[in-house]
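Down below is the structure, laid out as structure tokens.
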Amino acid sequence: MKKIKFGTIARYTLLAIGGIIMIFPFIWMLISSLKTWAECGSMPPTWWPKDPTFENYVYAFKTAPFLKYFRNSLIVTVVCTSITMINTILCAFTFSRLKFPGRDLIFSIMVSLMMIPYEMLIITNYTTIVKLKLYDTLAALIIPFTSSIFYTYILRNFFLSIPDSLYYSARIDGASNWQYLWEVMVPIAKPSLVTIGLLNALTCWNSFMWSILVVGSVENRTLPFGLFAFTDQAGVRFERLMAGSSIVVIPVIILFLFCRKQIVTGVSKGGLKG
Amino acid sequence: MAVREKKVRKYKDSDEKITARSLITPFVFSLPFMIGLLIFTVYPFIRAVLLSFMEDYRFLSGKFSGYGLGNYTAIFSDPNFINALKSTTKYVLIVVPTSLVISILVAVGLNNVKKLQGLFQTAYFLPMVTSATAVGMIFRWLYDYDYGLFNYFIGFLGIDKIHWLADVKYTMASICIYGIWSMLPFTIILLLAGLQNIDPIYYTAARADGAKSKDIFFNITIPLLAPTIILTSIVNVMSAFKVYDSLFVLYGAKPGPAFNLYTVIYYLYDQFWNKNKLGYAAASAMILFVIIALFTLLQNLITRKTNYYN
Amino acid sequence: MKVTIKDLTKKFASRDKTGEMVTAVDTLSAEFESGKLIALLGPSGCGKSTMLNMLSGILPVTSGKIYFDDVDVTDLSPDKREVGLVFQNYALYPHMTVLENICFPLKIKKVPKAERIEKAVEIAKMVHIEDYLKRLPKELSGGQQQRVAIARALVKKPKLLLLDEPLSNLDAKLRVEMREEIRRIQRESGVTTVFVTHDQEEATSISDYILLMKLGVMQQFSATREIYNNPGNLFVADFIGNPTINQIHGTYTADGIKADGCDELIPCAIKANEGDRVVFAVRPEAVIFENEKNTVNATVNDLYSSGKDWLVNFMIGDTDLRGYCDADFNVSEGSKIKVGFKEKGAFLFNEATGERY
């Protein structure tokens, strides 16, 4: 008995140490962001700010338009996720419920397109965005990302698991394809849809490299780009940079605390197929 | 006379009439998706393939002298590209196995705790969802020469301060530490899901046979988890090959302190964005594509072979 | 509503590589009287579900016609046929409560909400599910789910109710209860009902008519009692009835049937051609044990109690047969007895074609 107990304690202790290491960077980010310049640059470091201050946040919002960045990120995330969801639902329905010649062939071609690394596409997508006169607009951050084969693949698999008899029942009850999709399939698929929506929203929120390419003005920067640019404005003032980082990370942490289960199931379901 | 045949025939309904109407619905439903897919995936893919074979492509005029392997020979004789392949491979070979071993231990641990599951999961999985830009910024702070915590901690071990991000000797180490840390959550999630798929009856049976925890781990857990381990590694290799964002932020848009940390994607962006050599960029993208495609094929092959397990 | 089926045929391309067409339903014609309960009966793969799906409009027909009363509905889509369909797995919408499930067909028809609920509650009372209106399908037992499915099919007042293997997902006790319920609900609503089953007992216990199919071909369509008392061919005689009908293979002679593996002649009142290979089929209840006039020698193999009677398993030559005897009939395993056969319940079939003489 005693030995088992020791094992359990050891396991919990080790896991706790590991867990602290994993989230430590975020804790340190928050602590540092509340310190003064002098305290941040002192050795040995203090583990809790002697005199917690929000002046770094105030500075960030004053010096760089973080509020604007935040708004842009929110718009891009909400609009992109909404369009992606509608696209995904319609496309997954087409390739699971509707019947037309070549359906499975087209879908397997789509699935094989998933292995194209995104970086291969930016060369041309950049030109396309410029040609569509979308350079330096929020739309440029949204439109290229609204057709996700990966999410369609996940949702289609779910749709295929809904028995045919439900469809025929609904048809006999007088429902059209459209009504069946929105009245029956979508409500049933709600858990999958929530997961897909969350994953997509996180990707949008954190997206960085593409925005550097297609956004020129300060006006249209999203948070990650804004934060990166903030390095120049803040100088080597880590307490300020940490305040900026916190502004980017805190909304995601809150979202994660509330929706951890859906996000984790989404990742574990889709992780090996992508 | 054979009575009550159990024969169940499988039909395919072939005479369902293909009418204009039955084609319109799928067309209209998938149209927005397909437009996006064609413009932003299919077309740029085809163009990248073509570009990689176009010789002397002029960025502004769009003119080129003909098709050939010029771009490929050029990038393979470019020390920067060779350097990129080398350092990317080195990065993959360090980061993937290390994070895998740590992840197996953590996943087995998490699978065996009953209390505080939620708390542990939050701690271990959080880094997965946070912005690489912000995290890169945090690591810059941790790696700071004067006031960074890394140097503070190694001070306890009696090691002199290190210029983590500025000293060429340590740059690979610093991006690998960062890479391992950021790869852990995803890997742990997949392995944990794999562990939860193992029927507990095997453990019960092994315990009944008198096996100890260590025996169970090596003789039951690891073999049964093997398909997941292999597949997770392949996925991780592919994502590690595309390492870029973190470097970009850590080194302030430079490939390392002395331009020593080229990665394949870095090279691609550099040729495309800074040097306007679209042919080189496309050729290096093709190399990346071929690598990814090979691993994807491998992944599919293994998935199919181990299908019995799922 | 009367349903008329004329030369209905359904062909599928088989899944194997030959690409040959498989005929699931073969030029089938029948007429279902209004307000009756009709069982589509047959072994699996006989085309009975295909029939049902063509009646509902889910499957397009290959050729032939379907008339509801005198209206040709062959090319009408399911939503325009005014039929109700209950699936084997009930196909309840899992995210909707019982009430929402029953209301769904009316919601699609844009019936005002108050009226919808009123009608749904009325039907729910009829199928005795009114206490569960707020529940989700997964919180109900199989029998209750079945009731909801029937209510949902009936709420839009269909002209034809179709049930696909309605009882096969229920346990034995519930099955008997539910089949009586289906009978009651059908009587109360008066809707013409067609249900598919592979269980002859289920079919004979509640239906007015039975349409028996085999490999896509209709074997017999007649009133339930008639199909038992007067089977058209050997397949029908064999399929209907539990325990199954006794079959003695042999050669017909004017003096009786020369059964295979037996020296005796079995007396038979039915006429056939001298020398024909025949099957003499006798219902177990048509076997007579205690009668001096009995002529055929038999050996008792086994005895099973079936309540007031004994089910006797005996042999004539090397043919296994079964019959019922009173509990006080004094036999035991190995007893040599003499048996006879009543005329009612005995049939003679051609061995090769299965046709009845």
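Being closer than 29 Å to B:Ser233 by Cβ and of a type in the set (Phe, Trp, Tyr) is a property that B:Phe156 lacks. Considering only residues that are under 16 Å from the mean Cα position of the chain (by Cα), within 14 Å of another protein chain (Cβ to nearest Cβ) and of a type in the set (A, V, I, L, M, F, W, C), which ones fall in the range C:21-50? Of everything in the range C:21-50, those that are under 16 Å from the mean Cα position of the chain (by Cα), within 14 Å of another protein chain (Cβ to nearest Cβ) and of a type in the set (A, V, I, L, M, F, W, C) turn out to be C:Leu41, C:Cys46. Condition check for C:Asp79 on (1) out of contact with any Gly (no Cβ under 6 Å at 6 or more places or on another chain); (2) not in a strand (DSSP E or B): one failure, at (1). For the range A:230-244, the criterion of being more than 8 Å from chain B (Cβ to nearest Cβ), of a type in the set (S, T, N, Q) and buried (at least 21 other Cβ atoms within 10 Å of the Cβ) is met by none of the residues. The helices (runs of 4 or more DSSP H) located wholly in the range A:1-110 that include 2 or more residues which are among the hydroxyl-bearing types (Ser, Thr, Tyr) occupy A:2-33, A:55-63, A:66-94.
Among the residues of the range C:84-103, is any assigned to a helix (DSSP H, G or I), within 14 Å of chain A (Cβ to nearest Cβ) and touching a Pro at 6+ places or on another chain (Cβ under 9 Å)? Taking every residue of the range C:84-103 in turn, at least one turns out to be assigned to a helix (DSSP H, G or I), within 14 Å of chain A (Cβ to nearest Cβ) and touching a Pro at 6+ places or on another chain (Cβ under 9 Å). Restricting attention to the range B:251-310, report how many residues are more than 9 Å from every other protein chain (Cβ to nearest Cβ) and either surrounded by fewer than 19 Cβ atoms within 10 Å (Cβ to Cβ) or assigned to a loop (DSSP other than H, G, I, E, B) (or both). Final tally of qualifying residues: 28. Of the listed requirements (1) outside any loop (DSSP other than H, G, I, E, B); (2) at positive phi, C:Asp26 misses just one: (2). Is there a residue in the range C:111-125 that is assigned to a loop (DSSP other than H, G, I, E, B), modelled with pLDDT of 90 or more and within 14 Å of chain A (Cβ to nearest Cβ)? Looking through the range C:111-125, at least one residue is assigned to a loop (DSSP other than H, G, I, E, B), modelled with pLDDT of 90 or more and within 14 Å of chain A (Cβ to nearest Cβ). Being without any contact (Cβ under 8 Å) to a residue 60 or more places away in the chain and either under 31 Å from the mean Cα position of the chain (by Cα) or on the phi > 0 side of the Ramachandran plot (or both) is the requirement here; does C:Asp302 meet it? Yes, satisfied. For the structure I just gave you, tell me whether C:Leu55 is closer than 20 Å to C:Thr192 by Cα and among the aliphatic types (A, V, I, L, M). For C:Leu55, the condition - closer than 20 Å to C:Thr192 by Cα and among the aliphatic types (A, V, I, L, M) - is met. The number of residues in the range C:314-330 that are crowded, with 17+ Cβ neighbours inside 10 Å and more than 13 Å from C:Ile248 (Cα to Cα) comes to 3. Checked against the criterion of being surrounded by fewer than 20 Cβ atoms within 10 Å (Cβ to Cβ), in contact (Cβ under 8 Å) with a residue 60 or more places away in the chain and more than 7 Å from every other protein chain (Cβ to nearest Cβ), the candidates A:Asp164, A:Asp136 yield just one match: A:Asp136.
Residues in the range C:266-276 include at least one that is more than 22 Å from C:Lys344 (Cα to Cα) and free of Cβ contacts under 8 Å to residues at least 24 places away in the same chain.
Identify, from the list A:Leu105, A:Leu67, A:Leu113, the residue that is under 27 Å from B:Phe272 (Cβ atoms) and exposed (fewer than 15 other Cβ atoms within 10 Å of the Cβ). Only one candidate passes the filter, namely A:Leu113. For beta carbons closer than 6 Å, sequence separation of 6+ or different chains, a first residue in the range C:71-91 that is under 12 Å from C:Leu160 (Cβ atoms) and a second that is hydrophobic (A, V, I, L, M, F, W, C) and in a loop (DSSP other than H, G, I, E, B), the qualifying pairs are C:Pro78/C:Ile58; C:Arg81/C:Val73.
Scanning the range B:116-155 for residues that are over 17 Å from B:Asp245 (Cβ atoms) and not in a helix (DSSP H, G or I) turns up B:Leu116, B:Asp144, B:Tyr145, B:Asp146, B:Tyr147, B:Gly148. Condition check: in contact with a helix residue (DSSP H, G or I) (Cβ under 6 Å, 6 or more places away or on another chain), over 30 Å from C:Gly317 (Cα atoms), crowded, with 18+ Cβ neighbours inside 10 Å and not aromatic (Phe, Trp, Tyr). Does C:Leu174 satisfy that? Criteria not met by C:Leu174. Being surrounded by 19 or more Cβ atoms within 10 Å (Cβ to Cβ), in contact (Cβ under 8 Å) with a residue 60 or more places away in the chain and more than 10 Å from every other protein chain (Cβ to nearest Cβ) is a condition met by no residue of the range A:256-270. The listed residues are C:Lys65, C:Lys36, C:Lys48, C:Lys80, and the only one of them that is over 30 Å from C:Asn101 (Cβ atoms), out of contact with any helix residue (DSSP H, G or I) (no Cβ under 8 Å at 6 or more places or on another chain) and in the same structural domain as C:Met218 (by TED's automatic domain parsing) turns out to be C:Lys65.
The set of residues from the range A:12-48 being more than 21 Å from A:Val249 (Cα to Cα), more than 7 Å from chain B (Cβ to nearest Cβ) and at pLDDT 85 or above comprises A:Thr13, A:Ala16, A:Ile17. Answer yes or no: is there a residue in the range A:181-201 that is more than 17 Å from the chain's Cα centre (by Cα) and more than 20 Å from A:Ile154 (Cβ to Cβ). Looking through the range A:181-201, at least one residue is more than 17 Å from the chain's Cα centre (by Cα) and more than 20 Å from A:Ile154 (Cβ to Cβ). Residues in the range A:72-88 that are under 13 Å from the mean Cα position of the chain (by Cα) and within 17 Å of B:Leu31 (Cβ to Cβ): A:Thr84 alone.
Residues in the range B:237-250 that are assigned to a helix (DSSP H, G or I) and within 10 Å of chain A (Cβ to nearest Cβ) were compared, and the one that is surrounded by the most Cβ atoms within 10 Å (Cβ to Cβ) is B:Val249. When C:Ile240 is tested against (1) of a type in the set (A, V, I, L, M, F, W, C); (2) more than 23 Å from C:Gly47 (Cα to Cα); (3) modelled with pLDDT of 85 or more, only condition (2) is not met.
The values are calculated or read from the model by the stated rules, or taken from the named source; none is laboratory data. This structure is a prediction, so every number in the text was calculated from the model and none was measured. With ideal geometry, Cβ positions are generated from the backbone for all residues, glycine too; neighbour counts draw on all protein chains shown.
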